[in-house]
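J.: My questions all concern the structure below.
The values are calculated or read from the model by the stated rules, or taken from the named source; none is laboratory data. These numbers come from a predicted model, not from an experiment. With ideal geometry, Cβ positions are generated from the backbone for all residues, glycine too; neighbour counts draw on all protein chains shown. Only protein heavy atoms, including side chains, enter the accessible area calculation; ligands, DNA and RNA are left aside. Shrake-Rupley method; radii C 1.70, N 1.55, O 1.52, S 1.80 Å.
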There are 2 protein chains.
Amino acid sequence: METKVLILEDDIVNAMHMQVVLESAEFEIIGIAGNYIEALRLFVNRLPDLLVCCIYLNNGEVAINFIEQARDIKKVPVIYVSAHDDEETLNRVMDSSPASYITKPFTDRQLLVAAKCALHKQMRLSSCNTTPEPTGRELEIIRHLVKGESSRKIADTLCISYETVKTHRKNIYKKFRVSSGYETVALAFHNQWVF
Amino acid sequence: METKVLILEDDIVNAMHMQVVLESAEFEIIGIAGNYIEALRLFVNRLPDLLVCCIYLNNGEVAINFIEQARDIKKVPVIYVSAHDDEETLNRVMDSSPASYITKPFTDRQLLVAAKCALHKQMRLSSCNTTPEPTGRELEIIRHLVKGESSRKIADTLCISYETVKTHRKNIYKKFRVSSGYETVALAFHNQWVF
DNA sequence: CAAACAATCCCCCATTCGGGGGATATTTGG
DNA sequence: CCAAATATCCCCCGAATGGGGGATTGTTTG
């Protein structure tokens, strides 16, 4: 059974973008609302399993009011979408215990990960960047790693010592708190260091 | 210097979606055209470095005519976007030597990969599915692999023998023509088996 | 029904990896 | 100007991988 999703977002382009992305991953969009009243009407009629809410609407409405009313009808996980990646907004929505929080602009992947996490009731934040960046050389090695090249081969193609490549890998593991090449490759995709 | 892109697509939602995606990856959209004439006007005025073209427009126009005229002015790589994933359409556009070919619905990743490949003059097809699917058990193992778990650990959590996990991995390598866990993880992300 | 597929398990062996030590030179930023 | 960051190189060792052989059970499906 598909997960029913209600989107509260007045930017129609962004809303339709989200619709396309979510529909490509077994989600059923039961409606797109541009304001509070419309959202509540759709909510009571269709009883969605997941809410995707823009925090601030252009007409001045704030999603939190709607969320609180909706909660009285049916408890559902919420993904908050924000255009502002600041701590104040973050703290504000945290009080209403969302399931996910992503900031614009976000990638398809970020939205999908947020949605999946929301359904599994795992909190997920995609904001207030604390992730370090790989250095130029590190990124180069990560890209080769993604292609499945061994440290020996990477060393040959980059014309550096095998030991140097190993050192870079060890540094990457420490910096990003992973412990294998596999996790590094996964990380590279999540952070869009590679395509 | 950013790569200048011209989009020929009359579905405005899809066009804006592509704009958002491409702009998030160092591409500059110099214009969106909904028809042949408009596209040619934008082309001669702005001389883009890359074309993204819907093959069939709703008004009955076919992009190939436009492409051939544009080619006389400036040679640029072309990404063809098609709603039909059939061999006939594919053969038809192949004759005009596109740089990439993707079918709707496509993911952000597919579009970006196509764009990057186009710029590097590497042909890329995202159609006529020839990619085999992993079996249930194989997919399960792939997901654990992405998390960085070793074959031994996977065996423990799935309560099967270490040798069995190795066999599954070997089968995966053969089936998808890869030769390492790293490539498998990369493949899993490309094919959206994981998020 | 026979053949293909899926999932399970076993052995061998060379190569690679992960993690633990170091060291030195160059670039860069405050 | 000097400390921090970056990039380079070296050794050791136990564990894991990749690639090559097999084999046995069910299940699906043409």
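J.: When you check B:ALA188 against the structure, is it at pLDDT 80 or above, open to solvent by less than 60 Å² (accessible area, probe 1.4 Å), part of a helix (DSSP H, G or I) and closer than 29 Å to B:GLU23 by Cα, yes or no?
T.: For B:ALA188, the condition - at pLDDT 80 or above, open to solvent by less than 60 Å² (accessible area, probe 1.4 Å), part of a helix (DSSP H, G or I) and closer than 29 Å to B:GLU23 by Cα - is met.
J.: Hey, another quick one. Please list, ordered by first then second residue, the pairs with beta carbon atoms under 6 Å, 6 or more apart or interchain, first in the stretch B:149-176 and away from every other protein chain (no Cβ under 14 Å), second at pLDDT below 95 and more than 8 Å from DNA strand D (Cβ to nearest atom).
T.: Qualifying pairs under 6 Å: B:LYS175/B:PRO132.
J.: So which residues in the stretch A:69-86 are loosely packed, with under 13 Cβ neighbours inside 10 Å and at pLDDT 85 or above?
T.: Scanning the stretch A:69-86 gives A:ASP72, A:ILE73, A:LYS74, A:LYS75.
J.: While we're looking at this one, here's another question. Tell me the residue from B:LEU47, B:LEU40, B:LEU57 that is in contact with an Asp or Glu (Cβ under 7 Å, 6 or more places away or on another chain) and surrounded by fewer than 21 Cβ atoms within 10 Å (Cβ to Cβ), please.
T.: The conditions single out B:LEU57.
J.: Among (1) modelled with pLDDT under 80; (2) surrounded by fewer than 19 Cβ atoms within 10 Å (Cβ to Cβ); (3) more than 30 Å from A:LYS104 (Cβ to Cβ), there is one condition B:THR89 misses while meeting the rest; what is its number?
T.: The single condition B:THR89 does not satisfy is (2).
Residue by residue, here is whether (1) at pLDDT 95 or above; (2) within 15 Å of DNA strand D (Cβ to nearest atom) holds:
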site	(1), (2)
A:ALA115	no, no
A:SER127	no, no
A:GLY136	no, yes
A:TYR173	yes, yes
A:VAL194	no, no
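J.: From the residues in the stretch A:176-185 that are touching a Leu at 6+ places or on another chain (Cβ under 9 Å) and assigned to a helix (DSSP H, G or I), which one is surrounded by the most Cβ atoms within 10 Å (Cβ to Cβ)?
T.: So the residue we want is A:VAL185.
J.: Same structure again: Which of the residues spanning the stretch B:146-164 are surrounded by 15 or more Cβ atoms within 10 Å (Cβ to Cβ), within 8 Å of DNA strand C (Cβ to nearest atom) and not in a loop (DSSP other than H, G, I, E, B)?
T.: B:ALA155, B:LEU158, B:THR164
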